[in-house]
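**Q** The following block contains the structure, expressed as structure tokens.
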Amino acid sequence: MLFNDTIFLLWFLPVVLLLYGCFPAKRTPILLAANYVFYGWWNVWFCLLMLTSTTVDYLAGKYIFQSQNDARRKILLLCSLCINLSLLGFFKYFGLLSETINALASAAWLPTWNIVLPVGISFYTFQSMSYSIDMYRKKITPAQNFFDFACYVSLFPQLVAGPIIRYKELADQLIARTHTSDKFARGLQRFIIGLSKKILIADTCGLIADNAFAMQDIGTGAAWIGILAYAFQIYYDFSGYSDMAIGLGLLFGFTFPENFRYPYLSISIGDFWRRWHITLGNWFRDYVYIPLGGSKKGIKRTLINLLITMFLAGLWHGASWTFVLWGVYYGVLLIIERLTATVRSSIPKALQILMTFFLVTMGWVLFRSPSFDDALQYYGSLFSGNSGVIETFGITTVIIVGIITIIEPRYPHIFQKVSLKSAITCSLLFIASLIMIAGNESSPFLYFQF
Amino acid sequence: MQLRNHPERLFILIVGGLWLLLIGTDRLAPVVLPTENLYFRAWEYVRGQHGLPRRNLSFTVHNAHGDLSNMMNVSTYKVPRDITFTVDSNGMRNSETTREDATVLIGQSFMTGAGNSDEHAPGTVLARELKTPIYVYAPGNMSQLLRAIPDEVPATVIWGVVERNLTGSNAEIQTLLGMECPSESETKTSKQKMLIIIKKILLEPTTYARTSVVKKLGQKIYNETYFSVAKKPASPHVELAASPSKFIFLKKGIRISHEDSKQRNLDDVQKAITKTADCLKLHNIELLFIPIPDKVHVYNHLLPEELQANYALDPLQELMQQLRRKGIRTVDILTPFMTHVSENSELLYWPDDTHWGPLGIEKAMTEAAKRF
């Protein structure tokens, strides 16, 4: 089930909200059941996998907290990490591993199974693991009961594509949260804005990008329109999903952390990663970069840590070497940035934004291409100077969406306040989105694959 | 006044009200309207959900239209027709249920007569031609029939398969290749039956997705708008004829029409059909096989030039020759269809449907009857 399915919008969500509102004493069990129905809609067996991950981390967290023995605490944490990473590794990376080893050995050393990737496994595994790690670090206390913890891991608004929420951010809210008409209205508004971002902007840009990446011989102009369209598609798709998740959270009384803050207006790559998929960046910072030593062990070690962190962040995005290279690309850019910090500060801000956007866009070519060869071919098209047909629809869409992206920060109150004007706007956006969903059989969210 | 001081309540009232209105419309429509009329034609309704066909029904869908025009969803391309559809206690298209008939007709949508009324359905036409009752085991798969051959075995089974399903990659062909000839009929155990009922209950809400009037209205607005602006269908699955004949084609059929017998893996198809004939022979049943040409095969000349296939080496003819060499009785309806198209303007297939119309069925069943 997707947030942009009519079955979710006109069946699942209203029923869950109705039950949630009618039985205030049973809110957590209702939400937990809804989470599992939502997830099981894809494949009932996926629920078992999530339940395993939940049980392992709940028990690990409980015994880590109870134990006074450091060695035992460490073993428990290692067990939790091993089980979680093994599940993630098997379902997500076994295919890549066997394909690579077999190719290197020129023989079928490992079987090539067709393993179905459970939706959102990267997201909930990271959430679940953060619980055990934080417990080990004595930053949190155990969940009151298993159901509260299971509800946290499986919370359907953010289950399959984030934001990645730490237990400590939700612990108090799981026990007691407020439900006000203001929160509900803001949640509804945020959800509809997110839905429109996905349906009206991202899917439209997706048509242009898909067309460009599917073409064999593409002219330079069309290639640039294609990659810009993809840059906007992925941003509005993913930030639209995050808005919907945050909005749904508000409908159920939760306050989730923000996941995007105008990333295409970043003045550096470091700044970009503080604004793009913020919760994932924070996760890697706190659980990979800082434990590796962060920036406290000298410049050489800092640069290595940056590279390792970005390598892993790339790998997290998908079981493909193009994603790994994409991560390494950012690692290298961050290293260069560190080494040229003083030079960069003298460049005008507008130029810094343009340079950052250019570098990010170049990265999207790797991210979008199915293979290195395809990526190289696309890079070639971008700089070949070949003429070709450029569709007016593509140019117009990219210009309009570009303007929206630039002026977006001027309207921060769009998510904060509700009014008669916003009610009418949201109603129209909702109807327009429904028409597009019904007619277009909207595509799934891009970040579901990670 | 109070609402003016509480913009959040005003917001909930307007947006929530709209939401409830849409939900209410969606919920009330199936109650107020006859359920079968929420489907674009009778076939979609009787197919039921999750392989669980509806049973013991006789009903008429007014202003029904074709599956292709449903995909395209542009009013001017629809060919409205009333379709009466009768299904027996097994969910098969029979007016009277008896499984002791000498002849059984089997196949999927083509042999069921999807898109056509009872009086034009293949079973009705063939029974009229042969002047003998026919049991229509359609919609049904040959693999299902082989697993449940009735005690009173028929003398002949007429099996029709449309060209686009006559490929080695087709699921039914693969099933037939992989299965053993059942020596006796297998019946579903009560445990299996229970599982089917549970599955039905659990998945019933998905029926809603197919009957949602809000979704249908959204689709309608989107497709009509897209077509009027872009002058081409929004659906990626359909292709329009080059001439102004309002003919619609299925793109999958066009793709297959460009494949030769090797690409279609007709060897596997031939093996599956031969194996089926052998299995039936074990029960003293004779197979009469009808390869049904796709609409795109018969009306290839109506396609835009660049999409037209070259039928110099016709894979369907090649398959029929291979089958005849193996001793399988085959009904050639391709030749009379092509002759008809070159001489007459009356249509063998519905312009807005992937399926054949009354004339196509009549011609095909006349050819089949000649083989008795």
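Computed from the coordinates by the stated procedures, all read-outs in this text should not be read as laboratory data. In this text, all values refer to a predicted model and were calculated from it rather than measured experimentally. Quick reminder, even Gly has a Cβ in these numbers, built from the backbone with ideal geometry, and neighbours come from all protein chains shown.
**Q** Angle between the Cα long axis of helix B:266-282 and the longest principal axis of chain B, 0 to 90 degrees, nearest 10?
**A** 70 degrees
**Q** For the stretch B:128-161, list residues with backbone N below 16 Å from a point placed 7 Å from the Cα of B:Glu180 toward its Cβ?
**A** Only B:146-148 pass the distance filter.
**Q** Tell me the angle of helix B:358-370 to the major Cα principal axis of chain B, expressed in degrees between 0 and 90 and rounded to the nearest ten.
**A** 20 degrees
**Q** Under 8 Å for C-alpha pairs, at least 6 residues apart: give me the relative contact order for the stretch B:214-289, rounded to a whole percent. Walk me through the numbers on the way to the answer.
**A** Numbers: 32 pairs, mean separation 9.2, N = 76.
Taking the mean separation of contacting Cα pairs over the length of the stretch B:214-289, I get 12 percent.
**Q** Let me know the mean shielding of A:418-428 by other chains, meaning the per-residue number of their Cβ atoms within 10 Å of its Cβ. If you can, show how the numbers build up before the last one.
**A** Numbers: counts 9, 4, 6, 2, 5, 11, 3, 1, 4, 6, 1.
Mean shielding count: 5.
**Q** Follow-up. Using the C-alpha gyration tensor of the stretch A:182-449, what are the square roots of 5 times its eigenvalues, in whole angstrom, with the largest one first? Don't skip to the answer; put the middle values down first.
**A** Values: eigenvalues 185, 134, 59 Å².
Here the semi-axes work out to 30, 26, 17 Å.
**Q** Moving on to the next point. Evaluate the distance, in nm, between pseudo-label points positioned 7 Å from the Cα of A:Lys74 and of A:Phe358 along their respective Cα→Cβ axes.
**A** Those two pseudo-labels are separated by 4.9 nm.
**Q** Let me ask another. Under 10 Å, Cα contacts only: if you run a Gaussian network model on chain B, which one of B:Phe40, B:Phe227, B:Phe247 comes out with the highest mean-square fluctuation?
**A** B:Phe227
**Q** For helix B:213-230, report the angle its Cα long axis makes with the longest principal axis of the Cα atoms of chain B; keep it between 0 and 90° and round to the nearest 10°.
**A** Long axis of B:213-230 versus the principal axis of chain B: about 80 degrees.
**Q** Which residue, A:Phe252, A:Phe372, A:Phe393, tops the fluctuation ranking in a GNM of chain A built on C-alpha contacts under 10 Å?
**A** Among A:Phe252, A:Phe372, A:Phe393, the largest GNM mean-square fluctuation belongs to A:Phe393.
**Q** Sequence gap at least 6, Cα distance under 8 Å: using those rules, report the relative contact order of chain A to the nearest whole percent.
**A** Value for chain A: 19 percent.
**Q** Determine the alpha carbon to alpha carbon distance for each of A:Lys92/B:Lys251; B:Lys275/B:Lys295; B:Lys78/B:Lys216; A:Lys417/B:Lys216 and list only those over 24 Å. Spell out each step's value before the answer.
**A** On the way: A:Lys92/B:Lys251 34 Å; B:Lys275/B:Lys295 28 Å; B:Lys78/B:Lys216 15 Å; A:Lys417/B:Lys216 34 Å.
Going by Cα-Cα distance, A:Lys92/B:Lys251; B:Lys275/B:Lys295; A:Lys417/B:Lys216 fall outside the 24 Å limit.
**Q** Same structure again: Cα to Cα, under 15 Å, and not fewer than 8 places away if on the same chain: which aspartates and glutamates meet these conditions relative to B:Lys215?
**A** Qualifying aspartates and glutamates at Cα under 15 Å: A:Asp5, A:Glu441, B:Asp26, B:Glu224.
**Q** Count the net charge of all other residues whose Cβ sits under 15 Å from the Cβ of B:Thr76, scoring Lys and Arg as +1 and Asp and Glu as -1. If you can, show how the numbers build up before the last one.
**A** Details: positive: B:Lys78, B:Lys220, B:Lys231, B:Lys232, B:Lys246; negative: B:Glu224, B:Asp352.
Once positives and negatives cancel, what remains is +3.
**Q** If you stretched the chain out fully between A:Lys300 and A:Ser387, how much longer would it get, using 0.36 nm times the residue separation minus the C-alpha to C-alpha distance?
**A** 26.8 nm
**Q** Further question on the same structure: May I ask what percent, to the nearest 5, of DSSP beta bridges between residues of chain B are antiparallel? Write out the running numbers ahead of the final one.
**A** Working: 11 of 29 bridges.
The antiparallel fraction comes to roughly 40 percent.
**Q** Quick one: what does P(r) look like for the protein assembly as shown with 20 Å bins over all Cα pairs, in whole %?
**A** Reading upward from the zero bin: 13, 39, 35, 12, 1.
**Q** Output the relative contact order of chain B, whole-number percent, from Cα pairs under 8 angstrom with separation of 6+ residues. Don't skip to the end; give the middle numbers.
**A** Values: 581 pairs, mean separation 71.2, N = 372.
Relative contact order comes out at 19 percent.
**Q** Sticking with this one: If I model a spin label as a point 7 Å beyond the Cα along the Cα-Cβ vector, how far apart are those points for A:Ala432 and B:Lys251 in nm?
**A** Roughly 2.6 nm, to one decimal.
**Q** Could you pull out the trypsin sites (Lys or Arg not before Pro) across the stretch B:111-185 that fall in loop regions by DSSP (anything but H, G, I, E, B) with no more than 15 other Cβ atoms inside 10 Å? Before the final figure, lay out the partial values.
**A** On the way: sites: B:Arg128, B:Lys131, B:Arg147, B:Arg164; in loops: B:Lys131.
Taking the stretch B:111-185 and a limit of 15 other Cβ atoms within 10 Å, the loop trypsin sites (Lys or Arg not before Pro) found are B:Lys131.
**Q** Moving on to the next point. With chain B treated as a Gaussian network of Cα nodes joined by springs under 10 Å, which of B:His297, B:His65, B:His258 yields the largest mean-square fluctuation?
**A** B:His258
**Q** Taking each pair of distinct Cα atoms in chain B once, what is the resulting Kirkwood hydrodynamic radius in Å?
**A** Mean inverse Cα-Cα distance, inverted, gives 22.6 Å.
**Q** Starting from the Kirkwood Rh over alpha-carbon pairs, what translational D in µm² s⁻¹ does chain A have by Stokes-Einstein at 25 °C and 0.890 mPa s?
**A** The Stokes-Einstein estimate is 105 µm²/s.
**Q** Report the net charge of residues surrounding A:Arg72, where surrounding means a beta-carbon distance below 15 angstrom and charges are Lys +1, Arg +1, Asp -1, Glu -1.
**A** Around A:Arg72, the surrounding residues sum to +3.
**Q** To continue, here is another question. Which lysines does A:Lys139 reach when only Cα atoms under 26 Å apart count, and residues fewer than 8 places away in its own chain are ignored?
**A** Leaving aside lysines fewer than 8 places away in the same chain, those within reach of A:Lys139 are A:Lys62, A:Lys74, A:Lys168, A:Lys296, A:Lys297.
**Q** If you don't mind, there's one more thing I want to ask. For an R0 of 25 angstrom, estimate the FRET efficiency from the Cβ-Cβ distance between A:Phe65 and A:Ile290 and round to the nearest 0.05. Spell out each step's value before the answer.
**A** Working: r = 22 Å, r/R0 = 0.88.
Efficiency, from the Cβ-Cβ distance: 0.70.
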